[in-house]
Amino acid sequence: MACIPLIAVVALLVSISEQASKPDYPCGVSAFKPILGPNRISNGWEAAKHSFPWHVLLIIFDDHSETRGSQCGGSLIRLHQGNATDLVLTAAHCIYDHTRRRKVPKERIVVTVGIHRKSDPERTRVRVKDFEMAHYTGEFDSGDIALLRLNKQIPYTRFTRPVCLPARNAALPAGKECYVSGHGNMYLEGVTTPDELRMVDVDVLSSEDCAKSRSDPSKLNLTIQFCAGTNGRTTRKGDSGGPLVCKEKDVYTQFGVVSFGSADYLHLNAPGIFTFVPKYIDWIESSDKTLPRTTEILPEDEIHEYLTNLEKLQAKRNRSQSTGSLDTGRRKAPRPAQLALDDYKCGIPSPMFPVKMSAKGFNRIVAGWEANKHSLPWMVIVTFADPSNPARGNTCGGTLIQLNKANRTDLVLTAAHCLYNEDMRKEHEPKNGKVLVGAHNQYSVDTDTKQVNVKQLALHPQYNSDGSHNDIGLVKLTQSIPYTDFTRPVCLPSQGEKIPVGTDCIVAGWGRTSHYSTMHESDLQMTIVQVADINECKKETSYVQDTEVICTKGKTRAGFCNGDSGGPLICKKGEAWVQYGIVSFSGVRCAFDFDKYTNVSSYLQWIKQQDQKLPAATSEFPYEGIIEYLSPMELINGPKRHTLGAIEVSGTPSSGLPSKPSAVSQGTITTSGTSSSRLPSRPAAANSPSSVTRLPSRGISPITVTRPKVFSRFL
C-alpha cells in the first residue's frame, strides 16, 4: 500500500481544521436584532446598529471636486460559496452622468461597508474595480440596476454580510413583511440627510394598484418595476440604489432596488418605484462573469477596528455594572453652591475646553476645522419649523449674550433674516422656535434635552426683507440658561467700537463646508478670517454702509457658507472673545468674495432697549439639562481635560475663572478613563424649574432660500 507523506497528512488536517473553524455566514441573516417597528417617527425610524449588515453607502464625487457629490445606497450580494464577496448591487442612475450621458468614471465612486453612522470616525471604504449597468438609457423606465465589482473582497463578519437574492421566477412579494433602508432625506424638501441608517416598513402593491397610483402609468414598465410604500412611508432623495428586503423566517431577501419616488407635494403619498430584482438574476450572473475578478481580501480588522472599540466600551460598562455603577456617557455641568456674579466672565471658555487656533491638517469647512468641543460655549442653534409642513423651516446660528451681571441669561443674538418667514412675509411665530444650547454635535443623542422654547422675538424695525440692511435680531427664551463649562455668554463691544483692518477673527457655525456641498456639518466648525477695508468691500457691494456692516476675507478663501447665518464673528480682546459681527450675507459662492456681517457695535443701544421691552424668562433651565455627551471613543480613552485655574489661550493667560477651591463647596466627580477632578458640586437646594418641551432634534431640515442675484443668503 502506498504511504501518504506525513507532510501531506498534516496539510490536509490543517485545511480541514481551518474549514471547520470558519463561521457559517448565511445570506440575509443578521447578527444584530433589527428594530421592526412600530413606525415610531415620521417616515421611519433608526435601524438597530448593524442589523442590515449588507447595506453599503456610495459616494459619487463630481468632476474635479472632493467636496461636491451625491450619495446612494447599495447592498452586498454573493453568487458563490465562500466567506467574502466583492459584489454590490445598486441603481444605475446613481453611477450615470445624465449631463454627459455616460457612465461615471469608476475612480469617482467610493463604497463604505459596515456603516451605520456616516460620522463614525473610522469607516471602512473601498474603491470600485469596475461595474456594469443593465440596459439603462437615462430614463427611469429602463433597467435602473447596476453591479459593482469592488477592488477588494469584503469578508463576512458580524458587521458585513450579504443579502439573499430571490429566485429568477419569484413573484411580487405582495403581502410580505418588507423594509427599505437608507441614509436619505427624512422629508420631501430636506436638505440635510440623516447621520444614521434609517428604515421603514413598506407595503408592496400589485401591478394594478401600482398603475393606478401614478398620474402617468405609461412611464412605468411593470415587467421590471414595482411600487411599494404608501402614506408617505417611502424613499426620499439619497436613498437611491438601496435595497428593499423582505423577511421570511428571519432571512432577508432583496426583491427591489430603490429607483425613484415622490418629487413634489401633489404626489406626497405616492408609492416609490423599485427595480424588480428577480427579472435581473440572469443579468447579474452574466455580469459577474464578465467583470474582472478581485483577488485581494480586505483584512477583517479593518472592519472591526472601530467596532472593537465599542466592544471595549461594552466590556468597560460590564465591569462598571459589576461594581454597581454605569457610565452613560453624559457629563453634567458642575454647579457651584455660592458663585460670585462675575466668576463666569463673558467671552472666556472653560479652562477644560481651550480654543483650537489652527487646523492641524484637517480642512473640514471652507478653509477651516472642527472647533474644540465646548470651546465656544456661547454658540447656539436657532431653528424654526413651518407648522404646516415639518419638512420646511430654517436653521441658523446664534450666541448667548448678557447685558447685566448674572449667572444666567435668557437672551440670544442672531440675524434678523433667521427670524423672518420669507413665505409669510412676517417674522416667525415664537411657538415654532427652538434654541439648542451647549451643543457641539448637532445630531448628538443629548440634543433633545438641551432645547429651549422661544418666548418672544425682536427684529430691527428697519430690517428690510432683502437682508441687506439692519440684519440683527434677538430671541428671548422661556427659560434662562445657567452659566456652566458648556454654556457661557460672549462679550459685546462698546458702542461704535471699530476693529483694525487686518485683525484676525473667528467665524463659527454648523454650515456647509463649501459652496458645492449639500450637507451641513454635524460638529461645530470654525475658521480664521481677516477684517477687510470697508472701502474695498463697497467696491464689490455698493450699498454696504460703513457703520452697519463689517467685511472680512480669508487668506485662503476662508469664510462662512450656507447654514452659518446668525453666527458670530468674534475677535480676541485681552483674555476674552468679543462678538463684533453677525453672519449676514456674502457673494454667490461661499468664501470667494467679501463676507458681510452686521456690525454689532452700531446696535448696542437697540439691543439694550429691546432687552428691557421683551418679557423675561419665567423659569430657569435646570443645571441637570446642561450635559456633555461623550462619544464612545471618549468613554474608552477618557475626554481630554485641563486642570482648573489659569490657562493659556492663544498665548494669553486667562484669569477670573472659578479656580479657587476655597470660594465654593467642593464635590468629586470621575470622568471615564481619567483620574478624578475636583469640580464645584451642585447645591443642595434650587428653584424647581419647569421642564423643557422636547422635539426630535432632527425634525427640522434646513433649506436654502432663493435670493436676488446680487448676493445669496445663507440659511
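The values are calculated or read from the model by the stated rules, or taken from the named source; none is laboratory data. Every value quoted in this text rests on a predicted model; they were computed, and no experiment measured them. Here the Cβ is made from the backbone with ideal geometry for all residues, glycine too, and neighbour counts use every protein chain on show.
Annotations for the structure displayed:
- Region 222-244 residues that are not assigned by TED's automatic domain parsing to the domain that holds PRO278, paired with ones that are β-branched (Val, Ile, Thr) and at pLDDT 90 or above (beta carbon under 8 Å, 6 or more apart): none
- Residue count for region 117-146 under the criterion of being in a strand (DSSP E or B) and over 29 Å from the mean Cα position of the chain (by Cα): the result is 5.
- Residues in region 175-210 that are of a type in the set (Asp, Glu), modelled with pLDDT under 80 and farther than 25 Å from VAL113 by Cα: GLU189 only.
One line per residue, one yes/no per condition, for (1) farther than 18 Å from VAL435 by Cα; (2) surrounded by fewer than 23 Cβ atoms within 10 Å (Cβ to Cβ); (3) within 30 Å of the chain's Cα centre (by Cα):
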{"position": "VAL454", "(1), (2), (3)": "no, yes, yes"}
{"position": "LEU459", "(1), (2), (3)": "no, yes, yes"}
{"position": "TYR463", "(1), (2), (3)": "yes, yes, no"}
{"position": "LEU474", "(1), (2), (3)": "no, no, yes"}
{"position": "THR478", "(1), (2), (3)": "no, yes, yes"}
{"position": "ILE481", "(1), (2), (3)": "no, no, yes"}
{"position": "GLN495", "(1), (2), (3)": "yes, yes, no"}
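- Which numbered condition TYR597 fails, given (1) modelled with pLDDT under 90; (2) crowded, with 16+ Cβ neighbours inside 10 Å; (3) farther than 22 Å from ILE499 by Cα: (3)
- When residues in region 149-172 are screened for being surrounded by fewer than 16 Cβ atoms within 10 Å (Cβ to Cβ) and not hydrophobic (A, V, I, L, M, F, W, C), 2 of them pass.
- Count of residues meeting criterion [of a type in the set (A, V, I, L, M) and within 16 Å of ASP239 (Cβ to Cβ)] in region 88-110: 5
- Neighbours by Cβ (under 7 Å, 6+ apart or cross-chain): first from region 284-305, without any contact (Cβ under 8 Å) to a residue 40 or more places away in the chain and within 19 Å of ASP144 (Cβ to Cβ); second of a type in the set (Lys, Arg) and surrounded by 12 or more Cβ atoms within 10 Å (Cβ to Cβ): none
- Options VAL104, VAL88, VAL126, VAL113: the member that is out of contact with any Gly (no Cβ under 6 Å at 6 or more places or on another chain) and surrounded by 24 or more Cβ atoms within 10 Å (Cβ to Cβ): VAL113
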